[in-house]
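Peer 1: Here it is: the structure, laid out below.
The values are calculated or read from the model by the stated rules, or taken from the named source; none is laboratory data. Predicted, not measured: the structure shown is a model, and the values here were computed from it. Because the Cβ atoms are built from the backbone with ideal geometry, glycine has one as well, and the counts that use them run over all protein chains shown.
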């Protein structure tokens, strides 16, 4: 069951969003996050792995597999059903919040032309 939090941080949101495309390893998540956020979110490796540990302990992601590349382990993560639900809910929350402003902005634009 997804625990309702007040606000999801932008880095957490984009990490979860990056995993919507399927499992990814740490570096892949960093790159997807940067691309999805148009460069606004640039995760340091330590920050990412702290976030991944927190998301895994919260049941939002799981380790999907591991391989060794050039003698180093590469761990892949994927969203759980709760993780998918959490990022979807946050997207809807953000969309609703944006409509409060964009709706008013369009009204003001319409008034300005009258």
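Peer 1: Condition first: modelled with pLDDT of 95 or more, part of a helix (DSSP H, G or I) and surrounded by 12 or more Cβ atoms within 10 Å (Cβ to Cβ). Can you find one or more residues in the stretch 35-44 that meet it?
Peer 2: Among the residues of the stretch 35-44, at least one is modelled with pLDDT of 95 or more, part of a helix (DSSP H, G or I) and surrounded by 12 or more Cβ atoms within 10 Å (Cβ to Cβ), which makes the answer yes.
Peer 1: Counting only residues that are free of Cβ contacts under 8 Å to residues at least 24 places away in the same chain and surrounded by 12 or more Cβ atoms within 10 Å (Cβ to Cβ), how many does the stretch 55-83 have?
Peer 2: Going through the stretch 55-83 one residue at a time, the tally reaches 4.
Rundown of residues vs (1) part of a helix (DSSP H, G or I); (2) surrounded by 16 or more Cβ atoms within 10 Å (Cβ to Cβ); (3) under 12 Å from the mean Cα position of the chain (by Cα), yes/no style:
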position	(1), (2), (3)
12	yes, yes, yes
30	yes, yes, yes
85	yes, no, yes
96	yes, no, no
